[in-house]
1. Enumerate the calculated ³J(HN,Hα) couplings along the range 27-42 in order (Karplus 6.51 cos²θ - 1.76 cosθ + 1.60, θ = phi - 60°), each rounded to whole Hz, writing x wherever the residue is Gly or Pro.
2. Suppose a student asked you for the relative contact order of the chain, using Cα pairs under 8 Å spaced at least 6 residues apart; what percent would you report?
3. If you roll a 1.4 angstrom probe over the protein chains with everything in place, what fraction of the accessible area of the chain belongs to carbon and sulfur, to the nearest %?
4. Which loop trypsin sites (Lys or Arg not before Pro) in the range 50-117, with loop taken from DSSP, have no more than 12 other Cβ atoms within 10 angstrom of their Cβ?
5. Can you tell me how the chain classifies by the Cα gyration tensor, rounded, prolate or oblate, using a/c under 1.5 as the rounded cut?
6. Show which aspartates and glutamates lie in cross-link reach of Lys20 when reach means a straight Cα distance below 12 angstrom and same-chain residues fewer than eight apart are skipped.
7. Per residue, how many Å² of accessible area does the chain show with a 1.4 Å probe?
8. Can you give me the angle between helix 60-76 and the longest principal axis of the chain, using Cα atoms only, in degrees from 0 to 90, rounded to the nearest 10?
Amino acid sequence: MAVTDCIFCRIAEGTIPAGKLYEDDLVVAFHDIHPAAPVHILVIPKAHVSSLASVDSGHEPLLGRLLAVGARLAKEQGCSDGFRTIVNTGRVGRQEVYHLHVHFLGGPEVLPPMLKH
Ligand code: 5GP
Ligand code: ZN
């Protein structure tokens, strides 16, 4: 069931518009409103799940779908030579929206390096 003050629940329901790319029984994919790369897709569960830290074994089919859909869409959007997949989780992971989402980032140029200490 949707959480009323959750922006991604509202996008999933269609009550808030987003650049939707794909939708099925489990997931919705759309363009990030503030893209950090030429391709920046978010893939979310339709049902509210607050973060990757709150999934259990029952979510395994959903987690597979999130990755498989995002990978297909990233390639369709032009990431033919690779992309980066990110899931920010909780305070330490600097998660901003507490509805599970997987970022797919890419573009023609090589992305900046991963985090370094
Ligand atoms: P987080 O930091 O939680 O992993 O990332 C949240 C992402 O959601 C950010 O990249 C942000 O730009 C994106 N975002 C936040 N609100 C909206 C919205 O209303 N629409 C869309 N399309 N993206 C959003
Ligand atoms: Zn939600």
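1. Result, ordered by residue: 9, 10, 10, 7, 6, 5, 5, 10, x, 9, 7, x, 10, 8, 9, 10 Hz.
2. 29 percent
3. 57 percent
4. Arg91, Arg94, Lys116
5. Prolate, because a/c is 1.5 or more and a/b exceeds b/c.
6. Hits, sequence-local ones excluded: Asp32.
7. The answer is 63 Å² per residue.
8. So the helix axis and the longest Cα principal axis differ by about 40 degrees.
The values are calculated or read from the model by the stated rules, or taken from the named source; none is laboratory data. Only a predicted model underlies this, so the values are computations on that prediction, with no experimental measurement involved. Counting neighbours? That spans all protein chains shown, and the Cβs are built from the backbone with ideal geometry, glycine included. Only protein heavy atoms, including side chains, enter the accessible area calculation; ligands, DNA and RNA are left aside. Shrake-Rupley method; radii C 1.70, N 1.55, O 1.52, S 1.80 Å.
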